[in-house]
Every structure is written in C-alpha cells, then in structure tokens.
1. Report, in debye and to the nearest 20, how large the dipole of region 2-140 comes out about its Cα centre when Lys and Arg carry +1 and Asp and Glu carry -1 on their Cβ.
2. Work out the FRET efficiency for F173 and E18 from their Cβ-Cβ distance, taking R0 = 30 Å, and round it to the nearest 0.05.
3. Counting only other residues whose beta carbon sits under 15 Å from that of R12, what net charge do I get with K and R as +1, D and E as -1?
4. Which whole-number percent is the relative contact order of region 137-243 (Cα, under 8 Å, 6+ apart)?
5. Summing -39500 (n - 2.57) over the DSSP H runs of n ≥ 4 in the chain and dividing by its residue number, what mean residue ellipticity at 222 nm do you reach, to the nearest 500 deg cm²/dmol?
6. Using a Förster distance of 22 angstrom, determine the FRET efficiency expected from the C-beta separation of E89 and K144, and round it to 0.05.
7. More than 18 Å apart: what percent of Cα pairs in region 142-252 qualify?
8. How far apart, in nm, are two points set 7 Å out from the Cα along the Cα-to-Cβ line at A201 and at D120?
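What follows draws every value from the coordinates through simple rules; no lab data is involved. Fair warning: this is a prediction, and the values are worked out from it, not measured in the lab. We place every Cβ from the backbone using ideal geometry, glycine too, and count neighbours over all the protein chains shown.
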Amino acid sequence: TDFCAVPLTVKRLMMTEEGKIFLRSLHGGVIGGASIDQSLADFLETTRLRVGYGQTEASPGIALGEPGYFPRAHYLGRALGCEVGKSDEQTLLFRGANTCMGQWAPHAGFTALKPNRWHDSGDIITDESNGDLFLVGRSDSAFKLANGRRIEPEPVEDLLRSVDGGAEHLFLFSEDNEHLIVASSIPLSMNTVTIQLGSLAKLLSRIIVVPPEIFHYTPKGTLQRNATRDALRSHMLQFDHGNDSRLYRSIRCD
C-alpha cells in the first residue's frame, strides 16, 4: 500500500499506536504540502515514506526525497527533473519541463510565459553540497522593523519549539515596528527565550500566553500568519481593557 498525505494527517495518525503501525507498514508514499518539523522527521525515518516538494506552478513537482530519508526538520528533497538555484534573497528558483507554461486570470485570460525562465518559488531555502534542500520560511512572512532590520520569524519560532517543553503553537511578531512579541500556547521561560533569540533578545518587549485556538492554520497545517496576527491583536486589546484576563498572560521584558 502506498500513501500520500500532508504532515498534519501523519501527525494525527502518530498519536495512536494503531496509526504508527499503519504508517510503518506502508510500502511507500509521499509526504508534502507543508513543512515537516523535527518530531515528524524523526518518526518518518522509521517508515518507507518520502518527502515531496512542489507548487501549483510546477507539475508534477520540484524535489523528492528517498524513502525514510529525513536528515533534519524542513527537508524538501533533491531537485528532480528540473534545475534549481537561489535568488539574491535566497528564495528557491526552478526551471525546466515542470514549470507552468502560463497564467490565467478571469479578466485577462491566459498569458503565456517564457518557457526557459527561472520561476521564483517564494520559499527561502538552504542547500547542501549533496543537493539536499531545506525550507527556511516564506519570503512573504518576513517583516521589517523601523530601523530597516529584516526579521525572518519562522526560523526563530522553530528554535523556540525545540526547547522549553516543545510549544506547538508559537508566533513572533511586532506591533510597533520597533519591538518583538512572542506569543505561545504554553508558558515559556524568559531565560530560554532570550537565549534562543540571540541578538534579537534586546528587541523583545514581552511574551504572551494565549489559548491554542488563537492560532489559525490551513487544512494542511500551515500557520496562517495574517489571521493569527488579527486574532492576537483582538485578544491583546481585550486584556489591555480588562476583559477576561484568563485568556491572556503577559510577561513584560522591561
């Protein structure tokens, strides 16, 4: 039996012994559609499943891994059937027969694109000499502070998830474009957070603890950053005005 699924489905199956037995019994299959965290990567190494990476603009895909090969979190595989490169912003570029021929819009219709062009995936990556590709984050999830410093939140969130009890729900953002706020579904140690933030620690203004339902995800399990930010702002506003402080705990970092 072969099995194709998004990481969220696999994580839910992993929650039961029956699910683990099923996943390990599979002849093969592909996991893709969202990023694979370290706990999932560790488990997938005990199966014959492999990672697959692609986009709507690439058919059938861009990269593929070997069965049971998950060297670390956010592995994407190795380029298959196409060329890959990196832009100046470190986003993954690809070109080849898998690249879409054009785009269609309701009012403009079909627009043909150059067949040999480099297509920008918008995914920031790192690569290794053996061809392994790893996701760092989405270029559109980054934000700039007032001093011009560019913040890539996803790598920081991954670091914080790996320590201090393994918070599943984490979000790094800024409200004033000068300071950083860490939102988590469980309490975090101030000392641990500042260590993991490194040079960003001096910009941390507070850590907030909010219910898990504040964090919004796509059906594939990818964090919806705009929706989560809006929900956090609403709860922060309620707390600051004294409405149901049970929903929200704040540790200021003055």
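1. Working: 13 positive and 17 negative charges, 61 e Å.
It works out to roughly 300 debye.
2. 0.20
3. Local charge sum for R12: -1.
4. That works out to 17 percent.
5. Numbers: 6 runs with 56 residues, N = 254.
Counting only the DSSP helices, I get -6500 deg cm²/dmol.
6. Numbers: r = 13 Å, r/R0 = 0.59.
The formula returns an efficiency of 0.95 here.
7. Roughly 47 percent, rounded to a whole number.
8. With each label placed 7 Å out from Cα toward Cβ, I get 3.5 nm.
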